[in-house]
Structure formats: structure tokens, C-alpha cells
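Computed from the coordinates by the stated procedures, all read-outs in this text should not be read as laboratory data. What you see is a predicted model, and the numbers here were worked out from it, not measured in a lab. Glycine also receives a Cβ, built like all others from the backbone with ideal geometry; neighbour counts cover every protein chain displayed.
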């Protein structure tokens, strides 16, 4: 039986290739609304961030996620990501 391919994505902060289940996707849709995509299937420009508090703190400090999505990211989004990581 053929083994199923595991999709790898790159964290925009650490540039590490990880499985999708180890990452959180943040999406900016065509109306410039930024949201956390839990399903991984929402339309729009996506950026992946590793499920790690240190990586999240680095993203907040360097504003790398904002640069990648080319828009301002509200603190509520960072709080939502933090809650997902802590779960």
C-alpha cells in the first residue's frame, strides 16, 4: 500500500518546514480582514506560524506576520493564536 504524502508548510518566522498540524494559519481575505484559519481552507493570502509561544513572541516583536500579509494585525489575533497554542 502506498504511503500518503504529508503536506509540509514553512513557518514565516523560523523558516522551518513543518507538518500542517504543527502550524497555525493566519489569513488575509480580499476585504483585508485578518483571521486565524483553524480549518486551513479559507480563501485568501495565508501565512503559517509554528505552534510555539517563543515563535509567537518573535512574530509580535519583529512584526514579520504583518510584513508577510502586508497589513496591520490586531492584538486580538495574537491573543487568539496564543490561546490555540496553550490548548
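Overview of values
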| read-out | value |
| --- | --- |
| Segment 7-58, subset more than 18 Å from residue 74 (Cα to Cα) and part of a helix (DSSP H, G or I), residue farthest from the chain's Cα centre (by Cα) | 54 |
| Enumeration of residues in segment 26-51 that are buried (at least 19 other Cβ atoms within 10 Å of the Cβ) and either farther than 14 Å from residue 67 by Cα or free of Cβ contacts under 8 Å to residues at least 12 places away in the same chain (or both) | 50 |
| Residue that is surrounded by the most Cβ atoms within 10 Å (Cβ to Cβ) [pool: residues in segment 57-79 that are more than 21 Å from residue 30 (Cα to Cα) and in contact (Cβ under 8 Å) with a residue 40 or more places away in the chain] | 59 |
